[in-house]
Structures are given as C-alpha cells and as structure tokens.
1. Compute the whole-percent fraction of alpha carbon pairs in segment 147-243 spaced more than 17 Å apart.
2. Distance in nm between label sites at residue 57 and residue 189, each 7 Å beyond Cα in the beta-carbon direction?
3. Enumerate the calculated ³J(HN,Hα) couplings along segment 93-105 in order (Karplus 6.51 cos²θ - 1.76 cosθ + 1.60, θ = phi - 60°), each rounded to whole Hz, writing x wherever the residue is Gly or Pro.
4. Do the alpha carbons of any pairs in 88/142; 88/124; 50/124; 124/216 sit beyond 28 Å of each other, and which pairs?
5. I'd like to check one number: the per residue accessible area of segment 55-110, probe 1.4 Å, reported in Å² as a whole number.
6. Which whole-number percentage describes the relative contact order of the chain, with Cα contacts under 8 Å and a sequence gap of 6 or more?
7. Out of the DSSP beta bridges found with both residues in the chain, what percent are antiparallel (nearest 5)?
8. To the nearest 500 deg cm²/dmol, what mean residue ellipticity at 222 nm is calculated for the chain from DSSP H runs of n ≥ 4 alone, each contributing -39,500 (n - 2.57), summed and divided by the residues?
Amino acid sequence: PTYPPTFISVLVSTTTLAMGARDLAAHGAIVSRLAAVEELSALNVLCSDKTGTLTLNQMVIQDDCPLYGGARDRADLLQLAALAARWKEPANDALDTMTLGAAGLDALADYDQPVFEPFDAAVKRTSAIVQSPAGACFGVAKGAAAALAALLPQGAATDAAVAKMNADVDGYAARGVRCMAVARTADAASLDAAKQAPWQLAGLLTFLDPPRPDTKDTLDAALAAAVAVKMITVDSALIARNT
C-alpha cells in the first residue's frame, strides 16, 4: 500500500520518541507523554525548587543558637519554640518536625495552650498563649526574624536588639545556615494580661537543610549538556548563593 507523506512522518517521529522514552525509562525517568521527550531535547534552562529537590528537606538544628535574654539556654529556647506549636499533636510541617524532635517535650506535659494561631504566610509566624503548671500565662511566637521584630515595642533597646538579631541572621545566612526567631512575653497572672504583655526576643534557632547526595552530579550533568540551572527558593539571597 501507498501511505501519504504525513503518515510516514508521524510514524517515524512517534517511533523515534517511543525509543527515546524507552531509553529514559532505563535511567528511571517516567515519561507521561511522548511529546515531552522532544520538549526535553530543546531544554536550555532548568528551574528547580530548592527544598526537598536540591536538598533533603531534613532540617537539623545546630548547637550554636544565639540568645537575646528571653531564654535561659538553648534547651529553654527549644521549649519556647515547641510551645509555639501544637506540641501534643503530630507535626504538620518540616520546621515543626525539627523543633518538636529536638525539644524536651516531657517537661511540657503539664502546660496548657488556650490560644493558638497557626502559621500564616501573611505574617510569617506562629504564636500562642500558654499557661504553665504554676498558673503563669505568657505568649510565645516563632517565625521569620522580621516578623517577630514587628511584635516588639518601639524604643532604643528594641532597635539595638533587632540590629543584633539581623546581623546574626545575615552572618549565618552567608554560611548557608537558616534561622528561625523565637520570642516570648513576660509571665502574666491571666490570659487577658498575657495578650497585652510586651514581647521580647528569646533567641534564634539555627538549622541546616543538607543537599541531596546526588545534587552535585545532577547539576554537573545539566551544565555539561549546556542546560543552565536556576534555583527557586524563598530563602534569602545569601543562603541561596551559599547553596
């Protein structure tokens, strides 16, 4: 039989793409549609997510955690961060998993949490009002350094504390270390009083998200194929450059 040229063209291209999909499958790639093989061959810029793609998405808290007066030591800082989460429930994100896994939760068994405000991307923090076994009420919050700085009362002392915190955050970021700020209020006699109490910085939790073991080889292979790689992240520019 005689076939029209368009049929022959489709047959040849489909067969070629199918063979390419088979070769890709041998390397563990999943080809959901044949046209993607041709599109991949024309790729010249690859945009990649950072967390969980280039990195393991397994946060590891570092020993070096700066304190600013609202916490006695690193263990106290970790417990304050845990009190700003649903510590009696399973963690629902990587940061809470990291925090609750490192904090001494047994010491928090008798604390109550009458008020809890979950993470909101608009304010970039999580906060709560908790009551200690002795009956004292106080506020706790954790999140981005700038978000917690916005909670602090105005004044020269606050300006100095925020400047010190920002310098620490930039210093860690230049080494690829991320930071999560923690703040608290002073003890109050009631829930209402705790809501009105002024905030003070407790400290910074510093943590790393290590790269995947195959990330460097993957990037090298992409660059060798003349594919530029762009990393997409909400982290600061300093952390992005370090990564």
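1. In whole percent, the long-distance tail amounts to 64.
2. So the label points at residue 57 and residue 189 sit 4.9 nm apart.
3. 7, 5, 5, 5, 4, 4, 5, 5, x, 9, 7, x, 6
4. 124/216
5. 52 Å²
6. Details: 381 pairs, mean separation 60.1, N = 243.
With pairs under 8 Å counted, the relative contact order is 25 percent.
7. 85 percent
8. Details: 9 runs with 93 residues, N = 243.
Mean residue ellipticity, 222 nm, calculated: -11500 deg cm²/dmol.
The values are calculated or read from the model by the stated rules, or taken from the named source; none is laboratory data. Being a predicted model, the structure only gives us computed values, none of them experimental. Cβ coordinates were reconstructed from backbone atoms using ideal geometry, including for glycine residues, and neighbour counts include every protein chain displayed. These accessible areas exclude ligands, DNA and RNA; they are computed on the full protein's heavy atoms, side chains included. Shrake-Rupley method; radii C 1.70, N 1.55, O 1.52, S 1.80 Å.
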